[in-house]
1. Have a look at Glu51, Glu15 and point out the one that is acidic (Asp, Glu), more than 30 Å from Gln160 (Cα to Cα) and touching a residue at least 40 places away in the same chain (Cβ under 8 Å).
2. Being touching a Lys or Arg at 6+ places or on another chain (Cβ under 7 Å), surrounded by 13 or more Cβ atoms within 10 Å (Cβ to Cβ) and modelled with pLDDT of 95 or more narrows it down to one residue among Leu166, Leu143, Leu101; which is it?
3. Given the conditions (1) farther than 20 Å from Met116 by Cα; (2) charged (D, E, K, R); (3) touching a helix residue (DSSP H, G or I) at 6+ places or on another chain (Cβ under 7 Å), which single one is not true for Glu171?
4. Run Gly165 past the list (1) under 24 Å from Val40 (Cβ atoms); (2) in a helix (DSSP H, G or I) and report the number of the one that doesn't hold.
Amino acid sequence: MLFRGDVLERIASGEVTLAFRRWHKQPPANGSTLRTRIGVLVLERVQVVRERDVTDDDARRAGAESRAALLAALPEDGTLLRIELRLGGEDPRVALRTKPLRDDELPALLERLAAMDRRAVAPWTLQTLALIARHPGRVASQLAKQLSLDTALFKRRVRQLKELGLTESLEVGYRLSKRGEQLLTRA
């Protein structure tokens, strides 16, 4: 579930407390969380609704000017979800990526990367980190092409590195975190 940057800022301020999405699979559970660039969003209540149940007040709480504008912005197909949400706190990856890499952490982190490499057809972790280091802010599709990878696979891999606090997403592309830079120079 993606949110535009301006909507995320309005969620952070408490101005936006609802979201509406069309969904094609099992809806997220009440209380589930979503990590975003502003922090962790809590999806407090997720309901399947009909279009006729959406009110003007709902639309305003979702950041839209009107009910009509909200519905016009949604795709036509899929189950309509009404999601009550709030900012739940900091993304734990933010603290991790700014935390200095200690000498005693390095072997375990390198082993985690090696394990990720072993599960793939070919080693990729250090190669991907090095590529991002050389090209910060470059779009994922261009980076994926340099590695002869599908963009979706490349993005999944970068998310795995992000979970370890090694990369961070930019408005466009990625960069290494301080922790990622330290790992790459010491690997």
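1. Values: Glu51 fails: touching a residue at least 40 places away in the same chain (Cβ under 8 Å).
Unique residue meeting the criteria: Glu15.
2. Working: Leu143 fails: touching a Lys or Arg at 6+ places or on another chain (Cβ under 7 Å); Leu101 fails: modelled with pLDDT of 95 or more.
On inspection, the qualifying residue turns out to be Leu166.
3. For Glu171, the exception is condition (3).
4. Going through the list (1) under 24 Å from Val40 (Cβ atoms); (2) in a helix (DSSP H, G or I), Gly165 breaks only (2).
The values are calculated or read from the model by the stated rules, or taken from the named source; none is laboratory data. Please read these numbers as outputs of a predicted model, since none were measured by experiment. Using ideal geometry, Cβ is built from the backbone for each residue, glycine included, and neighbour counts are taken over all protein chains shown.
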